[in-house]
Amino acid sequence: MMPDAFDLRGINFEEGYIAVIDKPLEWTSTDVVRKVKFALRKIGYSRIKVGHAGTLDPLATGVLVVCIGRATKMVEALQAEEKEYTADVMLGATTPSYDLEHPIDRTYPYEHITREAVEQALRALEGERLQTPPLYSAKKIDGTRAYELARAGETAGTVELRQASIRIYEIELLEYDLPRIRIRVRCSKGTYIRSLAREIGEALDSGAHLVSLRRTRSGGFTAENAWQLDELMKKLQAAETK
């Protein structure tokens with residue numbers, strides 16, 4: 001049985017605890033793990049293991065599942081679970097990173113795009129297929145992160161990213177306000193919503209990039225029941241030392 005999410009006193013974290021955290025904007029997933037680990041060390045857990053079950057980009061917010069102690073054995077299984085996101089996509093322009101990490105590199109017409117065309121393009125992207133990760137991603141190429149190669153000056157023409165099998169269970173158009181649209185995506189692990197945004201632009205004979213992303217669910221864990229990071233830190237400070 002999971003312990004009371006709002007009372008951490010008396011918990012032996014080495015036995016295992018899952019903290020569902022609403023990752024703040026501009027934090028990396030690794031930043032959050034380090035913050036939690038540091039807080040645990042301060043209350044007596046000097047060698048405890050902490051890991052996360054599914055990376056969120058720094059420019060994304062929402063559900064980050066952090067596994068503590070023996071719960072780290074569940075990371076692989078938790079990573080494999082279905083994810084759900086809301087995303088804002090800007091049509092008519094692309095960026096090298098497919099999001100706001102880099103400035104716009106090319107613009108395209110978008111005035112021809114109708115709501116009906118967007119909904120049709122979204123439906124066509126549902127199902128199981130192969131997807132190419134962004135060049136600026138954590139995917140490894142011969143042991144090196146793709147974003148490290150990109151930032152070192154490598155280009156898409158010299159770096160080959162292997163396509164991955166993904167499944168888009170559902171895409172829903174939430175808002176249509178050209179050149180911006182908002183979508184809800186229910187998908188498998190390994191799906192890059194940044195790549196999906198670019199694919200939407202291509203399907204509409206235009207360009208597109210991601211301007212905001214929020215993970216609202218990972219498996220059975222939802223943003224509504226997630227810890228704010230500052231609040232979790234306060235609760236950890238108040239927890240009993242082992």
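Coordinate-derived values only; no laboratory data. Only a predicted model underlies this, so the values are computations on that prediction, with no experimental measurement involved. Neighbour counts are summed over all protein chains in view; Cβ atoms, including those assigned to glycine, are modelled from backbone coordinates with ideal geometry.
In a simple Cβ point-charge model (Lys, Arg +1; Asp, Glu -1; nothing else charged), the chain has a dipole of about 1140 debye relative to its Cα centre.
Here the spin labels are modelled as points 7 Å beyond Cα on the Cα-Cβ line, and at His112 and Arg167 they lie 3.5 nm apart. Of the beta bridges in the chain, as assigned by DSSP with both residues counted there, near 90 percent are antiparallel. Once backbone amide H atoms are built at 1.01 Å from N, Gly207 has Gly92, Ala93, Tyr108 as its partners under 5 Å, excluding neighbours fewer than 5 places away on the same chain. Kirkwood hydrodynamic radius, computed over distinct alpha-carbon pairs, for segment 1-131: how many Å, to one decimal? One decimal place: 17.9 Å for the Kirkwood radius. Each of Ile104 and Ile43 was given a label point 7 Å from its Cα along the Cα-to-Cβ line. The distance between the two points is 4.8 nm.
In segment 84-131, Rg over Rh equals 1.00, where Rg is the alpha-carbon radius of gyration and Rh the Kirkwood radius from pairwise Cα distances.
Once you put a point 7 Å from the Cα of Glu128 and another 7 Å from the Cα of Asp177, both along the Cβ direction, what distance in nm separates them? Result: 3.8 nm between the two label points. Here the translational diffusion coefficient of the chain follows from Stokes-Einstein with Rh set to the Kirkwood radius across Cα pairs; for 25 °C and 0.890 mPa s it amounts to 128 µm²/s.
Quick check on the chain: helices-only [θ] at 222 nm, where DSSP H runs of length 4 and up contribute -39,500 (n - 2.57) each and the sum goes over total residues. Nearest 500, please.
-6500 deg cm²/dmol
In plain terms, the chain from Asp230 to Leu25 could stretch by 72.5 nm, reckoned as 0.36 nm per residue minus the Cα-Cα distance. Per-residue Karplus couplings for segment 7-13, computed as 6.51 cos²θ - 1.76 cosθ + 1.60 with θ equal to phi - 60°, are listed in order as 9, 9, 5, x, 7, 8, 5 Hz, Gly and Pro entered as x.
Quick check on the exposure proxy: order His112, His102, His209, His52 from fewest to most C-beta atoms within 10 angstrom.
Details: His112 10, His102 14, His209 25, His52 22.
Starting with the residue having the fewest Cβ neighbours, the order is His112, His102, His52, His209.
Sorted fewest first by neighbouring Cβ atoms within 10 angstrom, Phe38, Phe13, Phe221 come out as Phe38, Phe221, Phe13.
How much net charge surrounds Ser206 when only the other residues with a Cβ under 13 Å from the Cβ of Ser206 are counted, with Lys and Arg +1 and Asp and Glu -1? Could the numbers behind the result be given before it?
Working: positive: Arg106, Arg180, Arg198; negative: Glu111, Glu199, Glu202, Asp205.
Within the 13 Å Cβ shell, the charges total -1.
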